[in-house]
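Shown next, in C-alpha cells, is the structure this report addresses.
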Amino acid sequence: MKIPAHAKYQIIYDTLQKNDNLLNVAAMCEIAGVSRSGYYHYLSTEDQRMEREERDRQDFLLILKAYQYRGYHKGARSIYMRLLHMEPPIVMNIKKIRRLMRKYNLQCPIRKANPYRRIAKAMATAYTAPNIVNREFEEHGPRK
C-alpha cells in the first residue's frame, strides 16, 4: 500500500511537535522518502488547502442538490447539465464533478438491463426461420 505524501508530511509534523523527539526534519524526511522542500511547502500551504477544502465542500453541496433533483439519482453528466440549467447557471468542469463525487463517495446507481428485453433476446436467438426460398449461402467463384 502506497501512502500519499501529504499523510507522510502530517506524520512528520506530528512527530516533530512531540517533546521527546530526537530526530530532525532532514532525517525524518529521508526515512519517510519525501523531500525536505516538499515538507516545508506542505507547511506553508496549509491555508490554501483549507480554502480549497471549503470550496470543494460548497461545490459538493451544489452537486448534491443537482443529484437529488426530482427524486432520482444522476450521473456526472446529468449533474453537469442540471447545474447548467439552475438559476443562476453554474458552470463546473465535469472532471471536478467526478473528483468531488469520488471524494465524498457519491455514486450513481447503474441502470439494470430491462428483463423483458433480455427474455425477448434470448427467445429470438433460439428461433431460426425455415428455408422456404431455398437460399444457398455457399460461396461460389474464385474467392472460396
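Any read-out appearing in this document is the output of simple, stated calculations on the displayed coordinates, not a laboratory observation. Predicted model, so just to flag it, every value in this text is computed and none were measured. In this analysis, Cβ positions are derived from the backbone assuming ideal geometry, glycine residues included, and neighbour counts consider all displayed protein chains.
Brief remarks follow.
- Gaussian network model of the chain, springs between alpha carbon atoms under 10 Å - residue of Met92, Met28, Met101 with greatest fluctuation: Met28
- Straight-distance candidates among the aspartates and glutamates for linking to Lys74, with alpha-carbon spacing under 17 Å and chain neighbours fewer than 8 residues away dropped: Asp59.
- Modelled FRET efficiency - R0 30 Å, Arg111 with Met86, Cβ distances, 0.05 increments: 0.80
- Relative contact order, percent, the chain [alpha-carbon distance under 8 Å, six or more residues apart]: 13 percent
- Debye intensity ratio in log₁₀ form over the Cα atoms of the chain, taken at each q of 0.18, 0.19 Å⁻¹: -1.06, -1.10
- Between Thr45, Thr15, Thr128, the GNM of the chain built on Cα springs shorter than 10 angstrom shows Thr128 fluctuating the most.
- Ellipticity estimate at 222 nm from DSSP helix runs (n ≥ 4, -39,500 (n - 2.57)) divided over the chain, nearest 500: -18000 deg cm²/dmol
- Nearest-20 debye value, the chain charge dipole, Cβ charges on Lys, Arg, Asp, Glu: 880 debye
- Averaging 1/r over each pair of different alpha-carbon atoms in segment 5-44 and inverting the result gives 10.0 Å, the Kirkwood hydrodynamic radius.
- Between Gln58, Gln17, Gln68, the residue with the greatest mean-square fluctuation in the GNM of the chain (Cα pairs under 10 Å linked by springs) is Gln17.
- Note on segment 35-119: percent of Cα-Cα distances in each 10 Å bin, starting at 0 and stopping at the bin with the largest distance, equals 15, 36, 23, 16, 6, 3, 0.
- FRET efficiency for Ser44 and Lys103, using Cβ-Cβ distance with R0 set to 25 Å, rounded to 0.05: 0.60
- Dipole magnitude for segment 78-144: about 620 debye, using +1 per Lys or Arg Cβ and -1 per Asp or Glu Cβ, origin at the Cα centre.
- Counting only the Cα atoms, segment 1-83 fills a convex hull of 155 Å³ per residue.
- When segment 71-144 is reduced to its Cα atoms, the Kirkwood hydrodynamic radius in Å: 17.7 Å
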